[in-house]
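Peer 1: Okay, here's the structure, questions in a sec.
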Amino acid sequence: MIEPYNAVALQTKVETVHTRAECERNLKHIGNMIDLVTHICSLELPVRLICIGEGAIQGFIDEIANMSPPEYAETMAAELPGWETEFLGEKAKEKGCFIMGQLKVKLPEFPERFFNAIFIIDPSGEIVYTHYKNIVLFVEHSTTPHDVYDEWVKLHGDGLDTFFPVAETEIGNIAGSVGVEGAFPESFRAFALNGAEIFYRSALPEPWVTRGIYETQNRARAMDNTAYMVAPNTGSLIVPGENGPTVVDGALGGRSSIVDYKGHVLAINDIVGDTYVTAEINIEALRHYRETAKFQNWIPYIRSEIFSHMYDEPIWPKNLPNMKHEDAAVVFKEAVERLQKRGTYKKKS
């Protein structure tokens, strides 16, 4: 039996950094906040899961500066495992909890490229889960498995778990992704079909947080799949300047939250800087609900055959080279034109 426990969505301010070594400053800040939240939140229930926001360690310099992938891979990208996850691993061992977060990493099989990786560290300090983001916005330069599809399949196979893995842990089955991949219901349905009970999704910037898009998507992914959602956004963005740093409190919009498997918001915070939210995770209750509920328990009702041909025709091409903003913009334009030719989109008058 899995006893109820607290999960924490940790929202931290992010200092913009330009080299991998400078990431240590963000890591130390994260470590200090982990010390605080485990002390306070464990007064109620044990803290067994801490989720850190996208960009909390490395920031977003590749998108902001339109860096080329080879440049970012050389100057900023981490490895898994690496000293960043070793630091968090020590915290996981000290606190007896799982820590989930995100890093942009390089893989030896794909030189001059980097990937956006989601990881879980267990209470022994070991990495027990890695997911590589499958869908990116055109201003993101990280490679996806789809961009190197043929090579990826040769290395890892082509099963659903190749692209949407789930970690089976002592506190439940956990999976998730970051940013724009959370806008695709198919991604989190795939995690759910692979057994996920707890989702992780971080983050979105302004103005898509105050418009309600971040919360709406996260609640929908949870209720569609009868799963918890832990959604830490990132806090203030600190940008260096000639006259000192500029602190943009609302750059990422905050609104970190935790949602239950019925779509109820268990905890949410309007603070846009350093903060956290915590809520109880009850895996046994979720499993009971999945076994017995006849409504709001949608996966047993899926008529998979009638959906099977939706993606027979490709939309975004696979096996793409490294790209910067302007290159990806061309691919996007061509994808829209293909959709217009198919009749999916209508041209404007």
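Bear in mind these aren't lab numbers, they're just calculated from the coordinates by the rules spelled out. No experiment lies behind these values; they were computed from the predicted model shown. For neighbour counting, all protein chains shown are included, and Cβ atoms are generated from backbone atoms with ideal geometry for every residue, glycine included.
Peer 1: Ranked by Cβ crowding within 10 angstrom, fewest neighbours first, how are M100, M310, M323 ordered?
Peer 2: Working: M100 26, M310 8, M323 19.
Ranking M100, M310, M323 by Cβ neighbours within 10 Å, fewest first, gives M310, M323, M100.
Peer 1: State the Cα centre-to-centre distance between segment 251-265 and segment 1-60 in whole Å.
Peer 2: 16 Å
Peer 1: What dipole magnitude, in Debye to the nearest 20, does the chain give about its Cα centre under +1 on Lys/Arg Cβ and -1 on Asp/Glu Cβ?
Peer 2: 1220 debye
Peer 1: Within straight cross-link reach of K28, meaning Cα distance under 21 Å, which lysines are found once same-chain residues fewer than 8 apart are removed?
Peer 2: K13, K91, K93, K95, K104
Peer 1: Applying 1/(1 + (r/R0)^6) with R0 = 30 Å to the Cβ-Cβ distance of A183 and D35, what FRET efficiency is obtained, to the nearest 0.05? Mind dumping the intermediate values first?
Peer 2: Values: r = 34 Å, r/R0 = 1.12.
Once the sixth-power term is evaluated, E becomes 0.35.
Peer 1: Check L252: other-chain or 5+ apart residues with amide H under 5 Å from its amide H, H built from backbone geometry?
Peer 2: Residues meeting the amide H criterion: E206, L237.
Peer 1: Would you list the membrane-span-like helices of the chain, meaning whole DSSP H runs whose alpha-carbon atoms span at least 24 Å along their axis and whose mean Kyte-Doolittle value is at least -1.0?
Peer 2: Going by DSSP H runs, the hits are 23-41, 325-342.
Peer 1: Below 14 angstrom from the Cβ of T278, what's the summed charge of the other residues (Lys, Arg +1; Asp, Glu -1)? Kindly include the intermediate steps, with their values, before the conclusion.
Peer 2: Working: positive: R48, K95; negative: E44, D260, E280.
Neighbour charge sum, excluding T278 itself: -1.
Peer 1: Looking at (1) 1.07; (2) 0.95; (3) 0.98, which value of Rg/Rh (Cα atoms, Kirkwood Rh) comes from a calculation on the structure shown?
Peer 2: Evaluating Rg/Rh (Cα atoms, Kirkwood Rh) on these atoms matches (2).
Peer 1: Continuing with the same structure: Given +1 on the Cβ of Lys and Arg, -1 on the Cβ of Asp and Glu, and no further charges, what dipole in debye does segment 231-324 carry about its Cα centre, rounded to the nearest 20?
Peer 2: Numbers: 8 positive and 11 negative charges, 64 e Å.
The dipole magnitude comes to about 300 debye.
Peer 1: Counting only C-alpha contacts under 8 Å and six or more residues apart, can you give the relative contact order of the chain as a whole percent?
Peer 2: Values: 739 pairs, mean separation 66.5, N = 349.
Computed value for the chain: 19 percent relative contact order.
Peer 1: Towards the positive end of the charge dipole of segment 230-349, with charges on Cβ (+1 Lys, Arg; -1 Asp, Glu), say which of F295, V230, H309 has the farthest Cα.
Peer 2: H309
Peer 1: Kindly put F199, F163 in sequence by how many other C-beta atoms sit within 10 Å of each C-beta, fewest to most. Provide the component values of the computation, followed by the final result.
Peer 2: Working: F199 25, F163 21.
By the 10 Å Cβ count, ascending, the order reads F163, F199.
Peer 1: Work out the charge dipole of the chain with +1 on the Cβ of Lys and Arg and -1 on the Cβ of Asp and Glu about the Cα centre, then indicate which of I120, F98, V178 is farthest towards its positive end.
Peer 2: Highest projection toward the positive end goes to V178.
Peer 1: Counting only helical runs of four or more DSSP H residues, what would the 222 nm mean residue ellipticity of the chain come to if each run contributes -39,500 (n - 2.57) and the total is spread over all its residues? Before the final figure, lay out the partial values.
Peer 2: Details: 11 runs with 110 residues, N = 349.
Roughly -9500 deg cm²/dmol at 222 nm, from the helical runs in the chain.
Peer 1: Between F295 and I64, what is the label-point separation in nm under the 7 Å Cα-to-beta-carbon projection?
Peer 2: 4.8 nm
Peer 1: A further question on this structure: What is the distance in Å between the Cα centroid of segment 289-322 and that of segment 176-199?
Peer 2: 11 Å
Peer 1: Which whole-percent values make up P(r) of segment 93-163 when all C-alpha to C-alpha distances are grouped in 5 Å steps starting at zero?
Peer 2: 3, 15, 22, 22, 17, 11, 7, 3, 0
Peer 1: Give me the lysines in straight-line cross-link reach of K294: C-alpha distance below 20 Å, same-chain residues under 8 apart excluded.
Peer 2: Partners within reach: K262.
Peer 1: Follow-up question, since we're still on this one. Scan the chain and hand back the longest stretch that contains none of the trypsin sites (Lys or Arg not before Pro) lying in DSSP loops with at most 11 other Cβ atoms within 10 Å. Spell out each step's value before the answer.
Peer 2: Values: sites that count: K294, R303, K346, K347, K348.
Excluding the exposed sites themselves, the longest stretch runs over 1-293.
Peer 1: Separate question: So which GluC sites (Glu not before Pro) in segment 117-178 pass both tests, a DSSP loop state and at most 16 other Cβ atoms within 10 Å of the Cβ? Please list the in-between numbers first.
Peer 2: Details: sites: E126, E140, E151, E168, E170; in loops: E126, E140, E170.
Hits after loop and neighbour filter: E126, E170.
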